[in-house]
Each structure stands twice: as structure tokens, then as C-alpha cells.
1. Relative to the compact globular guide of 2.2 N^0.38 Å, what is the alpha carbon radius of gyration of region 392-483, as a ratio?
2. With a point put 7 Å past each Cα toward its Cβ, work out how far D474 is from D270 in nm, to one decimal.
3. Among 475-482, 381-388, 182-189, how do they line up from the highest to the lowest mean number of other beta-carbon atoms within 10 Å?
4. Would you work out the relative contact order for the chain, in percent, from Cα pairs under 8 angstrom that are 6 or more residues apart?
5. Protein chains only, probe 1.4 Å: how do D422, D474 rank by accessible area, largest first?
6. In a Debye calculation with equal point scatterers on the alpha-carbon sites of region 176-304 and no solvent, what is log10 I(q)/I(0) at q = 0.09, 0.19, 0.22 Å⁻¹?
7. Please give the peptides 302-311, 235-244 ranked by average Cβ packing (other Cβ atoms within 10 Å per residue), highest first, as a rough proxy for protection.
8. Full-extension gain between Y368 and K407, please, as 0.36 nm times their residue separation minus the C-alpha to C-alpha distance.
Amino acid sequence: MHQLTLAEIARGLADKKFSSEELTKVLLARIAQLDPQLNSFISITEDLALQQAKAADARRANGENGALLGAPIAHKDLFCTQGIRTSCGSKMLDNFKAPYDATVVAKLAAAGAVTLGKTNMDEFAMGSANESSYYGAVKNPWNLEHVPGGSSGGSAAAVAARLLPAATGTDTGGSIRQPAALTNLTGLKPTYGRVSRWGMIAYASSLDQGGPLARTAEDCAILLQGMAGFDPQDSTSIDEPVPDYSASLNGSLQGLRIGVPKEYFGAGLDPRIAELIHNSVKELEKLGAVVKEISLPNMQHAIPAYYVIAPAEASSNLSRFDGVRFGYRCEDPKNLIDLYKRSRGEGFGPEVQRRIMVGAYALSAGYYDAYYLKAQKIRRLIKNDFMAAFNEVDIILGPTTPNPAWKLGAKNSDPVAAYLEDVYTITANLAGLPGLSMPAGFVDGLPVGVQLLAPYFQEGRLLNVAHQYQLNTDWHTRTPTGF
């Protein structure tokens, strides 16, 4: 049962081959047995899962049907879940139980999805390796000595290890697509505003976006269908009709115009990954796509712009964690200033502290114009590059990451080396575009992903291309040894 995709689970439940309760028990037992190797979960919600599974079976017995009804999933531990710890991977929120459900959690629960638990993540979603979590690093099921990527590394590792068929993640600079690439999954970052951010603990409010992680594009379509939609409680949510993503999967790729940016193939890219990307292009050409070289001239400025904007917004968002209202509070503070200083100093890990300091500096009176304002201008130039490119092509294709998964601890002493792993993903967040990573092969036994970007609200086009590619390749079907 653990090898079934979301789509296969939906068919199996509809045909009464098994019940949601049976499937849930199998997967909970598998998590208990295998997750100690991976550390992909922070909390396992066994009682809730069995209760939701029984309710889903009752709904099916009454004639109800639905792709997510009775399907087991997990949530990245920054989606608030009522009465359950929502830690954001941080000591700061280790004791926090959310008093309400995030919109994404509520929507998926209403669709009948069964929540098996909350997955591990980089602290406050800050990281590319899932090593900054207060609960310890997550291991990559393809090689337990390597990172699974971050910050949604717990969700990615759990799905890749077949502990469950799909999970939610969030993407601020590549945190769905990068771990998807490093663990052989399909991961989708929707258009900014497509999925509600209400109840999703914020890192950088103008960049964060929730989305699905699964093994196939078909499964991502099913999970996105349940997540997407306008939310009046979220001021950044966009009131745009949600299409039937599954219905668009089987469209022909004949005449599809694919742009490959020349800037993607510079010195920083592992040549073995470059070769796999070119192989993916050839596969799509066989399906009728037309490929042309394009240029994104301002891509070189993306990392410096992102690492000004994201920390600036983080320093503002994380100011609420002060030891006064909720979360961690230091022992025996001498006065209010001591309470603030020690609660934040003891509650936040080093990577979070580093980004708060960078952000506060960039927003300070003497440096706002020199750093933050300039970064926002570069952001606009990057968006303009994409708009010009999409006048010529329908999607943009390239690598998701410049390297395969690195060894645990390999980049801990050099944060900038880890930041550079986001070079291909962060532009989509700066511009607010939808992006998808799909499996494209292996280097030294470690997975590699190919990234697709599309114009605003064209998630269906990305899923269509990925699905057609997956019908003609088998990379996404490979399973890590031992899982």
C-alpha cells in the first residue's frame, strides 16, 4: 500500500479495495518503523489521523466521492493546526499549540484528507538543507549521509521514503522545488496569492507560498486542487477562479514553446546536471515541443536582491516572538529588556539570528535606500525579464539546483555556499511566478530535478508538461533503497 500514489489511492478507495482506516494504520506503522532513520516528522498525530480516516470511510459509505477523501498526507510544521504543536522547527515555538487551523489545513480537512503528522523543517523556513531545525537535521532517504534540501525537507524526505503519498510545503526561495529535486519528487510552487497564507507562519510575506510535494505531477494536481482558492482572510490572496488541474494533464505538447535561458548554464552548474537537463529538453522535443534559447539578463542579481528582501521581511515578521504573549520565555528575566534579549537569544537558532540581523541592518535609516530599496528595484527588473521572455515562449526550462544533494554539515561553516544553491529557484519567488521541479535523472546515485516556470496562474500548464514528461520517462518511479 505504501507504494500507491494519491491517484491510485483515490481509485482504490472508490473501488473498496481497502479503507482509509486500513491505509492510515499501515502508514502510521511505517512511520514508526522507518522515520527514526530520517527524522522527517516533528509530531505524529495518530489519534487525529484515525479519527479523520474513520470519518472519511463513513462519508464514502454514504456515497460521497473525492480524490482527497480518505487520502493520507502531512503538513509542514508551519501550517497552524488547532490543538496540535506548530513549532516552525524552532525552540521559540516548541510549546505552541495553535488555537485554529490554517486555511490550507482547513480546506484539505474539509476535502477529507487524513493528517498523519507535522513534518520537520528548517527553523522558520530559513535554510536550504533542513539542518537548522531545533529538532535535528533531516536525512535524505537516497543517502542518509546527505541533506534532503530545505526548508521543506521533512515533507520531501517523508514522501520520497514512501512514508506517505504527498505532503504540503512552502516555498520562499525554492523551499518546495529544491527539496523535490534532491529527493526525486515533483514539487510545485504556485503563483503568489494562489494558495492562502492565512495561518501559515510567515518568514517573508511577499515571497512565501504554500504548495504540494508528491511523486507525480498527477498527485500534485490533486493536492493543489484542494489547497488553491481565494481566501478573504488573507490580504495577499488573489480572487481568481481555480481551474480543474487534473483535467488539463493530458493536453498535447505539440507546438509548446520552451525557453532555455543561456544564463542557467554558467560555471556554477555541475556539468552532469547540465547533461540531464539537455536530455529532458530532447524528451520534450520528441513530444512536439519547440525549444529556443532565451536570456534573463538580470538573473545574476537575484541572490543579492533576495538575501536583502527576505531577511528584511523576516526581521519584521519575527519581531512578534518576544517572550511576552506566546512561545518560549527565558527563566527569571531581570526586566523587560532582559526578557526580550534572552528570550530571543535563547529561542532562535544561529541561522534565524543571522537573517534577523541582516534584515534589521538593511532596513535601518542609514541603509534603507542603499540596500532594501535597490533590491526592490532589481526585483522589478527580474520580473520584467520574465515578462519579456514569456512574450516569446510558453514555459521556461532549466536546472532546479546547481548540484545534487551535499553531505550533512558540508556547508554549515559557509552560509553563502548554501545560499548559492537557490540560484535557479529564487527568481520565481521574486517575480511571484509559478514553478515546478520534476525528476530528471541521477548523479552519483543522487536525484536531479528539472525546473519549469510559467506565466502567472498557469500552474495547469506546468502540471500538463510534467505529466506528459512522466508518461514517457520513469525517473519519478524510482524508489530509494531500503524504503
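1. 1.22
2. Modelled inter-label distance: 2.3 nm.
3. Packing order, densest peptide first, comes out as 182-189, 381-388, 475-482.
4. 18 percent
5. D474, D422
6. Cα-only, vacuum Debye calculation for region 176-304: -0.35, -1.34, -1.36.
7. Ranking the peptides 302-311, 235-244 by packing returns 302-311, 235-244.
8. Value of the extension gain: 10.3 nm.
The values are calculated or read from the model by the stated rules, or taken from the named source; none is laboratory data. Computed from a prediction, not measured in an experiment: that's the story for all the values here. Here the Cβ is made from the backbone with ideal geometry for all residues, glycine too, and neighbour counts use every protein chain on show. The accessibility values were calculated without ligands, DNA or RNA, using every heavy atom of the protein model including side chains. Shrake-Rupley method; radii C 1.70, N 1.55, O 1.52, S 1.80 Å.
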